[in-house]
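First up is the structure itself, then whatever we jot down about it.
Bear in mind that the values in this text are calculations on the coordinates, not laboratory data. Computed from a predicted structure; not experimentally measured. Cβ placement follows ideal geometry from the backbone for every residue including glycine, while neighbour counts extend to all protein chains displayed.
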Amino acid sequence: MVTNMAVTSMGGTAMAMAERALFRLMAWLSPSFPVGAYTYSHGLETAVEDGLVTDRATLTAWIDDLLRFGSARNDALLLTAAWQATCAEDKARLHAVREIGAALHATAELKLESTQQGAAFREAIRKSWPAPGIEHLSDEAGPLAYPVAVGVTAAAHFLPLRPVLHAYLHAFAANLVSAGVRLIPLGQSDGQRALADLEAAVATTAEWAEEGSLDDLGACSFTADLCSMRHETQYTRLFRS
């Protein structure tokens, strides 16, 4: 009886911790969290303007490439490195991750997209979800990339890495699906079908990034980068990137 009670207690504790992690990830990475994600298209606006993305299939393929081979892949690695450095209380390594995260952008708009969301995330966390370790997000250390901010915050709140990666990549994909629904335009049902089709890419990238390192950084999404460059001078724009 004592053993059964102990197991039940341990199971209840683990479930409570999992529920807490889920609640916080849903809050931090939801569209309502004040980072302004809805104002960025990551170059997708130019891709639609140029006829490269025209329907659900091409939108899904575009985002899938970013998840597996592009900027989202690098974001996942940066998040992992920031989480690990924070857990280890390795300030020197975290500083290096911050510097790489701030520099690793192919265009000015993509850097703005990441660092402005990182700064907004930091401020919202400071005001609403404080925890020991959040001081590592200090703005005195220079620009803060969004995935680095999320990684540090998740570690400071003792959230496990794998679900954090899943939540971050899901939010990345969902934001671009939402942008595509508005730009192409697509119906809401097609948007949900696109997001469902991206489930495997999110899971694969999260699993890979958990075991990856900064040595694995790199991308080959050249068309997306070129679209982001051209977006800087696009005549009519709804989005900031």
Practice item. Answer rounded, prolate or oblate for the range 158-241, using the Cα gyration tensor with square roots of eigenvalues a ≥ b ≥ c: rounded when a/c is under 1.5, else prolate when a/b is larger than b/c, else oblate. Key: oblate
Practice item. Only one of the values (i) 12.6; (ii) 14.3; (iii) 16.9 was calculated from this structure for mean projected area of the Cα convex hull in nm²; name its label. Key: (ii)
Exercise for review: Express in whole angstrom the spacing between the alpha-carbon centres of the range 47-70 and the range 206-241.
Suggested key: 12
Point to revise | Acute angle (nearest 10 degrees) that the helix 199-210 long axis makes with the longest principal axis of the chain, alpha-carbon atoms | key: 60
Study note, to complete from the structure: With +1 on the Cβ of every Lys and Arg and -1 on the Cβ of every Asp and Glu, the dipole magnitude of the range 5-147 about its Cα centre, in debye rounded to the nearest 20, is 540
**Study point:** About the Cα centre, charge dipole magnitude for the range 82-173 (Lys/Arg +1, Asp/Glu -1 at Cβ), debye
**Key:** 180
**Study point:** the chain - mean residue ellipticity at 222 nm from DSSP helices (-39,500 (n - 2.57) per run, n ≥ 4, rounded to 500)
**Key:** -22000 deg cm²/dmol
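To the nearest 20 debye, what charge dipole does the chain have about its Cα centre, counting +1 at the Cβ of each Lys and Arg and -1 at the Cβ of each Asp and Glu?
Using Cβ point charges on Lys, Arg, Asp and Glu, the chain gives about 600 debye.
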Review point. Just going by the charge dipole of the chain, with Lys and Arg at +1 and Asp and Glu at -1 on Cβ, which of S241, L78, A120 is farthest out on the positive end?
Key: A120
Practice item. Sort 15-21, 153-159, 219-225, 79-85 for me by packing, meaning the mean count of neighbouring Cβ atoms within 10 Å per residue, highest on top. Key: 79-85, 153-159, 219-225, 15-21
Check your understanding: So what J values fall out for the range 223-240 if you push phi through Karplus, 6.51 cos²θ - 1.76 cosθ + 1.60 with θ = phi - 60°, rounded to Hz, Gly and Pro as x?
Key -> 5, 5, 5, 5, 5, 5, 4, 6, 5, 4, 10, 5, 5, 10, 9, 9, 10, 8
